[in-house]
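Enquirer: Pasting a structure below so you can have a look.
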Amino acid sequence: MSARSSLFALVALGAAMTFAGAAPAAADYDGAIRDYEANRYAAAIAEFRRLAERGHGAAEFMIGVMSFNGRGVAKDIRDAAVWFHKAAMQGYPPAQLAYGSLHLRGVGLAPDPVTAYMWLTLVANSGVPGLAIQATTLRDDAAKALNPADLERARRLARDWRPRCANLSGPWEGGARDSFGPCGSGAG
């Protein structure tokens, strides 16, 4: 694994654990994180998948992290990108950072500086200090690859973007959200 990949994985895991949140599924999510940290990957992936079936963005993100690093599942960057996208669409900044980074670097996806700029702008504007700083740096790299028309298109995409919260049943039904974003801390 390259140093860049290792750094990405470390930032991704730290971000996921930071945003565990207070949603009703937080105890299950926290348990899955403990399993992941203890290298009990089979238990972790099983719980993350169960939560992801209910639209839990942080769990979707962690499945992406596990796929990206080949922990508990076969290493599959394209599969990781799918899971990062699912969580990013819910407004989960760590996933938006990961997804934007993949587009910027062309890792598992075709390089797309417009899409990268859009996702990285969302994170840069998220108000999450560590992530916003990292996203701003990466977004500035994406901007260097854009002509003025593409840069304006990327800015418009970021400005017009709205999260798509998962359609959940159970305790989240009725729009209950915790303090993190429009879709909660990844709970949908």
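Coordinate-derived values only; no laboratory data. All of these numbers come straight from a predicted model, not from anything done at the bench. Note that we place each Cβ from the backbone using ideal geometry, even for glycine, and neighbour counts take in every protein chain shown.
Enquirer: Take peptides 90-100, 105-115, 49-59, 139-149 and line them up by average Cβ neighbours within 10 Å, highest first, as a rough protection proxy.
Expert: For the peptides 90-100, 105-115, 49-59, 139-149, the packing ranking is 90-100, 49-59, 105-115, 139-149.
Enquirer: Now for a different question. Would you please give the FRET efficiency between ALA149 and ARG105, computed as 1/(1 + (r/R0)^6) with r the Cβ-Cβ distance and R0 = 25 Å, to the nearest 0.05?
Expert: With R0 = 25 Å, the Cβ-Cβ based efficiency is 0.65.
Enquirer: Would you mind calculating the gained length between ALA46 and LYS75 on full extension (0.36 nm times residue separation, minus the Cα-Cα distance), in nm to one decimal?
Expert: Going from the current span to full extension adds 8.8 nm.
Enquirer: Can I ask one more? Charges at C-beta only: +1 for Lys and Arg, -1 for Asp and Glu. How large is the resulting dipole of segment 3-160 about its Cα centre, in Debye rounded to 20?
Expert: 180
Enquirer: On to the next question. With each pseudo-label sitting 7 Å past Cα toward Cβ, what's the ASN125-GLU37 distance in nm, one decimal?
Expert: Result for the modelled spin labels: 3.4 nm.
Enquirer: Let me ask you something else. Determine, for TRP161, TRP119, TRP83, the number of other Cβ atoms within 10 Å of each Cβ, and report the residues in order from fewest to most.
Expert: Fewest-to-most Cβ neighbours within 10 Å comes out as TRP161, TRP83, TRP119.
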